[in-house]
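Colleague: Can you keep this structure in mind? I'll have questions shortly.
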Amino acid sequence: MEVASFKPFWWLIVLLPMLVALRLSLVDRPKRLKYASIALRGAAIVLLVLALCRPFIGFGSDAVHVAFLLDVSESVDLRSTREAVDTIQGCIDQLHASDSWSLFLVANGVMYFERTEDAARDLDTWLQTAPDDDFRSASKLADALSTARLCFPADKARRIVLFSDGRPTHADMTDVLALLGKERIDLRMHELSGLQAAEACVRSIEPSTTKAFAGEVVRMTVKVRANQPMPAVLTILNRAVVVTRKELQLDSDGDNVVHLDIPMTTSGATHWTAELNAERDHFLINNKATSTVSVGGKPRILILHGTPREMRPFCKAMDEQGFETDLRDTHGLPGDLVSLLAFDAVILADIAATDLSPRQMALLKRYVVDFGGGLAMFGSDNSFGLGGYHNTPVEEVLPLISRYEKAKQQPSVAMVLVIDKSGSMQGMPIELARQAAKATVDLLGTQDQIGVVGFDGQAFVVSPMRRTAEADAVKSAIDTLASGGGTAMYPGIDAAFQMLQGVVTQIKHVIVLSDGQSQPADHQALVSDMAAAGITVSTVALGHADRALLASLAEIGKGRYYETADPANIPQIFTKETMETSRSAVKEDVFNLVRTSDHPLFAGLGSADLPVVFGYVMATAKPATQLLLVAHSGDPVMAVSRYGLGSTLAYTSDVTAKWGSQWLAWNQFGRFWSQALRGILRRESTDGLHLRQSRDDDRWTIDITRLDPSGEPVKGVEFKGQTVDETDTVNSVSVEEIGLGRYRAVVPVGDSETLSLRLDDPHDDKMAILHFNKPYPAEYDLAGQIAPALQGLSRLDGNAVREDIIPTKICKPVSHLCHLLALTAMLAGLLLRRI
């Protein structure tokens with residue numbers, strides 16, 4: 001017999017007073033009866049104390065519970081798995097009536113089955129149709145064993161039988177096997193056949209160096225494996241462009257190693273993909289592998305212009321100055337930060353805000369602020385306020401803003417905004433329309449006038465004609481604009497017509513915004529009358545608006561037509577249209593440029609006069625901006641600033657023949673602009689930073705060694721880390737000091753396919769950017785081997801599932817017997833005392 005606790009034995013101290021009472025007792029009873037009575041009482045107390053100790057008796061048991069774990073991951077042949085179900089049923093048939101069992105299908109998780117027939121039915125279905133690829137995409141054997149150990153009853157021996165190829169893809173098996181041994185759980189293994197279908201995969205593509213110079217030849221080592229001999233074609237791609245192809249004859253004996261020497265012709269972060277096309281192939285997911293090489297040398301600049309050919313002289317000059325230029329049109333801005341980081345600077349030369357999505361503008365801001373990128377904007381009809389950049393993330397990082405003090409001699413403007421407030425505008429569209437209307441108020445001059453009309457089934461004057469000096473009152477009225485009702489555009493336009501007829505200004509303009517199909521009316525005749533009265537009309541079609549009607553009204557009204565499917569573009573459209581209408585954002589004449597500071601940009605240029613320009617876009621310098629050039633009128637022409645980790649430049653004139661023909665003819669043109677752009681380039685300073693990366697499916701580990709110029713380790717560095725994935729999701733990364741001059745950052749990969757990590761030492765101005773390309777799941781790697789921890793396991797004999805089980809002991813409590821004996825002893829003691 002054993003007890004659960006010895007602490008209650010302290011209560012036996014109460015026997016001492018009983019012995020004293022026996023010695024001093026005056027009871028007139030025969031000694032034999034008196035001593036017997038006291039002994040029985042003492043025995044009762046001992047038994048009660050023993051009951052408090054929770055005594056139990058252990059009995060051996062020959063009953064067993066067997067947990068069958070069946071691996072159904074992609075690396076296992078499904079037919080072999082289906083045959084294993086029959087083997088499991090044979091094992092179950094050998095169990096005794098007192099035994100029990102559990103069945104689990106194991107892969108990227110655990111599925112429990114009460115009957116083998118149910119598991120067999122699912123496997124038969126998978127054999128005939130496409131299986132559950134997500135569930136079969138991993139072999140989480142350690143997790144499955146941890147789950148199975150919870151299914152055992154307390155009164156039976158424990159055995160787990162693992163049917164698997166023994167290739168786990170996640171946690172190490174050592175810890176879970178040690179836990180099973182500690183809990184006396186016997187683990188046996190029945191090895192299943194691996195994939196039998198013809199299969200080939202790209203195991204990896206490894207460059208000889210992850211940092212190279214432009215023009216350097218980098219050796220790409222590609223490892224390919226197949227489970228059967230077969231012909232295949234290996235293709236190397238850089239940003240989806242084929243660089244080279246090679247025909248292969250794959251052997252099934254180990255890795256097929258291919259070496260390809262590839263010159264690095266493009267600077268920046270270049271992404272290389274090895275893609276395999278085999279004659280016979282079962283899986284497609286493992287036919288690609290990716291790696292990144294950061295190519296230094298020539299700075300790489302992305303230039304965006306609505307008419308790219310006009311920027312060719314500029315690009316040629318920059319190429320001669322050692323830059324690598326990538327000239328694209330309005331759709332050329334990358335849609336993700338990882339691709340944008342391949343460039344050291346971006347120039348928006350003639351790109352309107354309406355050509356960029358709100359996401360792309362936010363992306364440019366993040367590129368500058370968080371990753372130290374350079375951003376420049378050149379003047380044009382689609383730049384600054386004219387391009388609709390007022391109150392956008394791009395304007396936030398530029399050194400100039402679109403608002404400026406309008407000269408009194410410039411034309412006065414009377415504008416009416418006619419805004420659809422029907423029920424379809426509910427939510428974000430009406431909110432953004434209000435925002436756009438208020439931005440329009442901010443951009444007009446103090447002598448200008450504005451009115452706002454809303455329409456649904458009828459027209460509503462939201463704000464009558466007021467001078468923009470009453471901007472607060474106009475904005476308050478705009479905030480009352482709410483959605484609801486039908487769509488009748490004619491009354492709204494007519495109300496605007498009536499409002500403008502009584503106004504005396506040089507320019508009268510109407511902007512009409514609608515997102516629906518208007519009720520029939522003679523809109524064209526109304527707008528024709530407005531045009532005859534000197535009132536221009538521009539239209540904005542949102543979503544499912546009647547685009548043909550709105551386009552025709554803009555043409556008749558001698559205005560401009562815009563269309564967008566995204567309500568978020570409304571503020572930029574209104575901003576651009578307001579600046580176009582006011583005719584005050586551009587100055588065109590002959591302007592001399594004056595230097596306002598002794599900036600490194602002008603190094604080597606001496607005191608030579610700068611060429612004249614024939615026009616520029618009006619803007620205002622921000623307070624912290626370093627102004628470099630102004631026109632002789634005092635307006636800013638060139639300015640630079642730091643924002644976050646990056647630098648930005650604004651040049652309100654242009655570098656094309658339109659306003660900058662004299663600059664193109666200047667013999668210092670290339671030198672001037674190369675020095676200007678070098679001042680804003682994204683810079684990585686990695687001197688003293690030694691980085692080593694290790695990767696797996698779940699995390700990316702970066703070990704950092706920080707040394708000073710003399711080679712001594714630097715302690716106490718407060719690194720700042722930040723990652724961005726392919727969806728532009730940004731997360732902070734903590735960097736831990738693990739030794740003298742040694743630091744470590746551990747980045748959870750999660751579902752991200754690509755990650756870029758910025759490591760920043762702000763104290764010493766050090767920064768490095770690293771890239772991670774998630775490999776395909778390890779389940780599909782043909783090079784997987786049986787885990788060492790599983791190699792030494794005893795194999796299951798299908799005809800002896802109960803043999804050599806680890807015996808278990810059943811513990812039965814006997815407290816109730818102690819209570820019964822204590823009661824009996826107490827009653828016997830009373831009986832001896834009374835008789």
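Colleague: Looking at the range 217-246, I want the residues that are under 11 Å from ASP261 (Cα atoms) and have a partner that is exposed (fewer than 13 other Cβ atoms within 10 Å of the Cβ) and modelled with pLDDT of 90 or more with Cβ atoms under 6 Å, at least 6 apart or on another chain. Which pairs are those?
Modeller: ARG219/HIS259; THR221/HIS259
Colleague: Could you please let me know if GLY716 is assigned by TED's automatic domain parsing to the domain that holds HIS771, in a loop (DSSP other than H, G, I, E, B) and more than 26 Å from the chain's Cα centre (by Cα)? Walk me through how you get there before you give the answer.
Modeller: On the way: assigned by TED's automatic domain parsing to the domain that holds HIS771: yes; in a loop (DSSP other than H, G, I, E, B): yes; more than 26 Å from the chain's Cα centre (by Cα): yes.
Yes: the conditions hold for GLY716.
Colleague: Next question, about the same structure. Tell me which residues, restricted to the range 547-563, are buried (at least 18 other Cβ atoms within 10 Å of the Cβ) and either in contact with a Gly (Cβ under 9 Å, 6 or more places away or on another chain) or small (Gly, Ala, Ser) (or both).
Modeller: Scanning the range 547-563 gives LEU553, ALA554, GLY557, GLY559.
Colleague: Which one is nearest to VAL714 (Cα to Cα), of the residues in the range 761-810 that are among the polar types (S, T, N, Q) and over 27 Å from the mean Cα position of the chain (by Cα)?
Modeller: Of everything passing the filter in the range 761-810, GLN785 is nearest to VAL714 (Cα to Cα).
Colleague: Kindly provide the set of residues from the range 80-100 that are among the hydrophobic types (A, V, I, L, M, F, W, C), over 24 Å from SER193 (Cα atoms) and free of Cβ contacts under 8 Å to residues at least 60 places away in the same chain, ordered by number.
Modeller: Passing the criteria: only ALA97.
Colleague: Output the residue which, of all residues in the range 120-153 that are in contact (Cβ under 8 Å) with a residue 24 or more places away in the chain, within 30 Å of HIS96 (Cβ to Cβ) and not in a helix (DSSP H, G or I), is farthest from the chain's Cα centre (by Cα).
Modeller: Within the range 120-153, the match that is farthest from the chain's Cα centre (by Cα) is PRO153.
Colleague: Quick check on my filter: what residues within the range 369-391 are aliphatic (A, V, I, L, M) and modelled with pLDDT under 90?
Modeller: Looking only at the range 369-391, we keep the residues that are aliphatic (A, V, I, L, M), and these are 369, 375-377, 386.
Residues satisfying the conditions are VAL369, LEU386.
Colleague: Here's a follow-up. If I go through the range 326-360 residue by residue, how many of them are polar (S, T, N, Q) and within 23 Å of the chain's Cα centre (by Cα)? Please lay out each step first, then the result.
Modeller: So the first thing to find is which residues in the range 326-360 are polar (S, T, N, Q), and the list is 330, 339, 354, 357, 360.
With within 23 Å of the chain's Cα centre (by Cα) added as a condition, the list becomes 339, 357, 360.
Number of matching residues: 3.
Colleague: Here's another thing I want to ask about it. In the range 718-744, how many are farther than 18 Å from GLY372 by Cα, in contact (Cβ under 8 Å) with a residue 40 or more places away in the chain and buried (at least 19 other Cβ atoms within 10 Å of the Cβ)?
Modeller: Number of matching residues: 1.
Colleague: Quickly run through the range 62-95 and pick out the residues that are within 24 Å of LEU127 (Cα to Cα) and assigned to a loop (DSSP other than H, G, I, E, B).
Modeller: Passing the criteria: VAL72, SER73, GLU74, SER75, ASP77.
Colleague: Another one. Pick out, from the range 496-590, the strands (runs of 3 or more DSSP E) lying fully within it that include 2 or more residues that are modelled with pLDDT under 90 and of a type in the set (Ser, Thr, Tyr). Lay out the reasoning, then the answer.
Modeller: Numbers: elements: 507-514, 535-542, 558-564.
Result: 558-564.
Colleague: Keeping to the range 276-291, report how many residues are in a strand (DSSP E or B) and crowded, with 19+ Cβ neighbours inside 10 Å.
Modeller: 5
Colleague: Of the residues that sit in the range 463-481 and are assigned to a loop (DSSP other than H, G, I, E, B) and in contact with a strand residue (DSSP E or B) (Cβ under 9 Å, 6 or more places away or on another chain), which one is surrounded by the fewest Cβ atoms within 10 Å (Cβ to Cβ)? Can you show your working first?
Modeller: Applying the first criterion (assigned to a loop (DSSP other than H, G, I, E, B)) to the range 463-481 yields 479-481.
So of that shortlist, the ones also in contact with a strand residue (DSSP E or B) (Cβ under 9 Å, 6 or more places away or on another chain) come out as 480-481.
On the way: THR480: 12, LEU481: 21.
Across the range 463-481, the extreme among qualifying residues is THR480.
Colleague: So, of the residues in the range 16-32 that are assigned to a helix (DSSP H, G or I) and modelled with pLDDT under 70, which turns out to be nearest to HIS816 (Cα to Cα)?
Modeller: Checking each candidate, the answer is MET18.
Colleague: Still on this model: I'd like to check something: does the range 125-139 contain any residue that is basic (Lys, Arg) and at pLDDT below 90?
Modeller: yes
Colleague: For residues that are within 16 Å of SER294 (Cα to Cα) and surrounded by 13 or more Cβ atoms within 10 Å (Cβ to Cβ), scanning just the range 214-238, find the one that is modelled with the lowest pLDDT. Quick ask: steps written out before the conclusion?
Modeller: First, the residues of the range 214-238 that are within 16 Å of SER294 (Cα to Cα): 214-220, 237-238.
After this cut, where a residue has to be surrounded by 13 or more Cβ atoms within 10 Å (Cβ to Cβ) as well, the list is 214, 216, 218, 220, 237-238.
Numbers: ALA214: 74, GLU216: 77, VAL218: 86, MET220: 90, LEU237: 91, ASN238: 87.
In this case the residue turns out to be ALA214.
Colleague: Just to be sure, is GLU431 crowded, with 24+ Cβ neighbours inside 10 Å and among the acidic types (Asp, Glu)? Even if it seems obvious, please write down each step before you answer.
Modeller: On the way: crowded, with 24+ Cβ neighbours inside 10 Å: no; among the acidic types (Asp, Glu): yes.
The answer is no for GLU431.
Colleague: Which condition from (1) among the aromatic types (Phe, Trp, Tyr); (2) assigned to a loop (DSSP other than H, G, I, E, B); (3) in contact with a helix residue (DSSP H, G or I) (Cβ under 7 Å, 6 or more places away or on another chain) is the one that TRP663 breaks?
Modeller: It fails just one condition, (2).
Colleague: Going by what's in this entry, would LEU689 be described as of a type in the set (A, V, I, L, M), buried (at least 17 other Cβ atoms within 10 Å of the Cβ), farther than 23 Å from VAL613 by Cα and touching a residue at least 40 places away in the same chain (Cβ under 8 Å)?
Modeller: So LEU689 fits the description; yes.
Colleague: Looking at the range 241-261, can you tell me whether even one residue there is assigned by TED's automatic domain parsing to the domain that holds LEU340, at pLDDT 90 or above, among the hydrophobic types (A, V, I, L, M, F, W, C) and in a strand (DSSP E or B)?
Modeller: No, because not a single residue in the range 241-261 is assigned by TED's automatic domain parsing to the domain that holds LEU340, at pLDDT 90 or above, among the hydrophobic types (A, V, I, L, M, F, W, C) and in a strand (DSSP E or B).
Colleague: Continuing with this model, one more query. Taking the stated definitions as given, is ALA521 of a type in the set (A, V, I, L, M) and farther than 24 Å from SER412 by Cβ? Show your work before the answer.
Modeller: Numbers: of a type in the set (A, V, I, L, M): yes; farther than 24 Å from SER412 by Cβ: yes.
So ALA521 passes the test.
Colleague: A further question follows. Tell me, which residue of the range 392-412 that is part of a loop (DSSP other than H, G, I, E, B), under 34 Å from the mean Cα position of the chain (by Cα) and over 22 Å from ARG683 (Cβ atoms) is modelled with the lowest pLDDT?
Modeller: Looking at residues that are part of a loop (DSSP other than H, G, I, E, B), under 34 Å from the mean Cα position of the chain (by Cα) and over 22 Å from ARG683 (Cβ atoms), I get SER402.
Colleague: Can you name every residue in the range 146-164 that is within 18 Å of ALA119 (Cβ to Cβ) and buried (at least 21 other Cβ atoms within 10 Å of the Cβ)?
Modeller: If the condition is that a residue be within 18 Å of ALA119 (Cβ to Cβ) and buried (at least 21 other Cβ atoms within 10 Å of the Cβ), then ALA148, ILE160, VAL161, LEU162, PHE163, SER164 are the ones that fit.
Colleague: Now, a different point. Answer yes or no as to whether THR656 is farther than 29 Å from ALA289 by Cα, of a type outside the set (A, V, I, L, M, F, W, C) and buried (at least 19 other Cβ atoms within 10 Å of the Cβ).
Modeller: Answer is yes for this residue.
Colleague: Within the range 694-711, track down each residue that is touching a residue at least 24 places away in the same chain (Cβ under 8 Å) and farther than 22 Å from GLU779 by Cα.
Modeller: ILE702, ASP703, ILE704, THR705, ARG706, LEU707
Colleague: Looking at (1) of a type outside the set (Val, Ile, Thr); (2) over 30 Å from ARG82 (Cβ atoms); (3) touching an Asp or Glu at 6+ places or on another chain (Cβ under 8 Å); (4) buried (at least 17 other Cβ atoms within 10 Å of the Cβ), find the lone condition where LEU192 falls short.
Modeller: All conditions are met except number (2).
Colleague: Within the range 482-495, can you find the residues that are under 44 Å from the mean Cα position of the chain (by Cα) and not in a loop (DSSP other than H, G, I, E, B)?
Modeller: MET489
The values are calculated or read from the model by the stated rules, or taken from the named source; none is laboratory data. Small disclaimer: the values here were computed from a predicted structure and weren't measured. For neighbour counting, all protein chains shown are included, and Cβ atoms are generated from backbone atoms with ideal geometry for every residue, glycine included.
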